[in-house]
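Enquirer: Take a look at this one; I'll ask things after.
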Amino acid sequence: MTEHLPVAVVGAGIIGANHAAAVLRHPRLRLAALVDPDTAATGVLAGTLAPGVSRYATLADAVAGEPIGLVAVCTPTGLHATAAEEALGAGAHVVVEKPLDVSLRRARHLADVAASAAARGLVASVVSQHRFDPASVATAAAVRSGSLGELTSAVASVPWWRGQAYYDSAEWRGTWRLDGGGALMNQGVHTVDLLVWLLGQPVEVFAYTTRMAHERIEVEDVAVAVLRFPSGALATLHATTAGHPGLGVRLQLQGSRGSAVIHDDQLEYLRTHASRANQAVEAVGPDEVWGAAKPADSFVVGHLRQYDDVVAAIDGNRPPGVTVHDGLVALAVVEAVYLSAALGRPIDVAGVLGGSYDEVRLEAAR
């Protein structure tokens, strides 16, 4: 198909700018509208990326004023599910930034709405762009083919730094109500999604969280957890925004017949039962792995890969590579970490996903 799909980006902050940049670079998408009640923010974003693009205070105004085909939800996290449901109700396809929402209740309801909308041909996807990185694709292929044997353990670390100015930059940052959590919910959720994608939904989580390097925030800046999977495999999960100056995200998978290491989105190591040695470059191809330094626009490139999948899903009338349910499971794992840290005991993820801890979550962790 060659017709351009008009896109409304809802939320004119940092992540909204990233989505707008990705949309402008995609051959099948057209940036039709920027939506934010902060007119100064939409003005700055329009002036930077797309002078002349229509600007609206609300999504309802945008839908009334433009033939919107796809909505990118880039609001504060606590507003994600509401905006996505509004977009689907208006007959538009939806891409929701991670995490899905701060509330599992709203996220579960959105999953039901998205399933109903899919029957009407609407696509709803949650941003997990690292599933589409060449390194992740190669690792997933090795896992699915059995080349790593039985997965036995994993180590995942998101050792980032966010200065106090990051949290002070907006009143909603670092709050339970709109941010939904700290280092794990916002910075580590992508790595949580990769763990779930590669190893399956965890059975149980035990965790600790703390706040070490920041003031005037309600949430954690360090989280450490152990996850147990249905196969019996164990994984350690670490996420922080208190690790100056910030290091690359690292995911190690160990199996009975091979191992894989993804570091800073690169396939650093892949050894299978059939390989002779480290096959990182062989597995992905030298042109597909970032060089010594990633391009400055690598964040936009990652979103572009996911937009490719969303457009293909729309054109092919198929589910997207990352569904709302996928986002719901990742959110449930994060919530299980927070619950375990608050209650001081292991938490079953299925119970969190099903709503057994909804009230406990509010009392114990907030």
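Enquirer: Every residue in region 148-174 that is among the polar types (S, T, N, Q) and either open to solvent by less than 30 Å² (accessible area, probe 1.4 Å) or not in a loop (DSSP other than H, G, I, E, B) (or both), please.
Expert: Listed by number, the residues that qualify are 152, 153, 157, 164.
Enquirer: Does at least one position in region 187-205 carry a residue that is assigned to a strand (DSSP E or B) and within 23 Å of residue 100 (Cα to Cα)?
Expert: Yes: one or more hits.
Enquirer: Being within 24 Å of the chain's Cα centre (by Cα) and open to solvent by less than 10 Å² (accessible area, probe 1.4 Å) is the requirement here; does residue 21 meet it?
Expert: Criteria not met by residue 21.
Enquirer: Pick from region 222-240 the residues that are in contact with a helix residue (DSSP H, G or I) (Cβ under 8 Å, 6 or more places away or on another chain) and outside any strand (DSSP E or B): which of them is surrounded by the fewest Cβ atoms within 10 Å (Cβ to Cβ)?
Expert: 231
Enquirer: Pull up region 316-358, narrow it to residues that are over 14 Å from residue 196 (Cα atoms) and hydroxyl-bearing (Ser, Thr, Tyr), then point me to the one that is surrounded by the most Cβ atoms within 10 Å (Cβ to Cβ).
Expert: 338
Enquirer: A further question on this structure: Among the listed residues 63, 44, 73, identify the single one that is touching a helix residue (DSSP H, G or I) at 6+ places or on another chain (Cβ under 6 Å) and farther than 13 Å from residue 122 by Cα.
Expert: Residue meeting the stated conditions: 73.
Enquirer: Here are some conditions: (1) at pLDDT 95 or above; (2) open to solvent by 30 Å² or more (accessible area, probe 1.4 Å); (3) among the hydrophobic types (A, V, I, L, M, F, W, C). Residue 289 meets all but one. Which one does it not meet?
Expert: The single condition residue 289 does not satisfy is (1).
Enquirer: Same structure again: Return only the number of the condition from (1) more than 18 Å from the chain's Cα centre (by Cα); (2) farther than 30 Å from residue 254 by Cβ; (3) of a type outside the set (Asp, Glu) that residue 138 does not satisfy.
Expert: Every listed condition holds for residue 138 apart from (2).
Enquirer: Among the residues of region 29-52, is any in contact (Cβ under 8 Å) with a residue 40 or more places away in the chain and either closer than 18 Å to residue 310 by Cβ or basic (Lys, Arg) (or both)?
Expert: yes
Enquirer: I'd like to check which helices (runs of 4 or more DSSP H) are fully inside region 38-116 and have at least 1 residues that are charged (D, E, K, R), farther than 28 Å from residue 187 by Cα and open to solvent by 30 Å² or more (accessible area, probe 1.4 Å).
Expert: 59-65
Enquirer: Which pairs do you get when a residue that is surrounded by fewer than 19 Cβ atoms within 10 Å (Cβ to Cβ), found in region 126-141, comes within reach of a residue that is among the aliphatic types (A, V, I, L, M), reach meaning Cβ atoms under 6 angstrom, with the pair 6+ apart or on two chains?
Expert: Pairs found: 134/284.
Enquirer: Within region 148-159, is even one residue in contact (Cβ under 8 Å) with a residue 12 or more places away in the chain and on the phi > 0 side of the Ramachandran plot?
Expert: For region 148-159, residues in contact (Cβ under 8 Å) with a residue 12 or more places away in the chain and on the phi > 0 side of the Ramachandran plot: present.
The values are calculated or read from the model by the stated rules, or taken from the named source; none is laboratory data. All of these numbers come straight from a predicted model, not from anything done at the bench. Every residue, glycine among them, receives a Cβ derived from its backbone with ideal geometry; neighbour counts consider all protein chains shown. Protein only, heavy atoms only, side chains kept; ligands, DNA and RNA dropped before computing areas. Shrake-Rupley method; radii C 1.70, N 1.55, O 1.52, S 1.80 Å.
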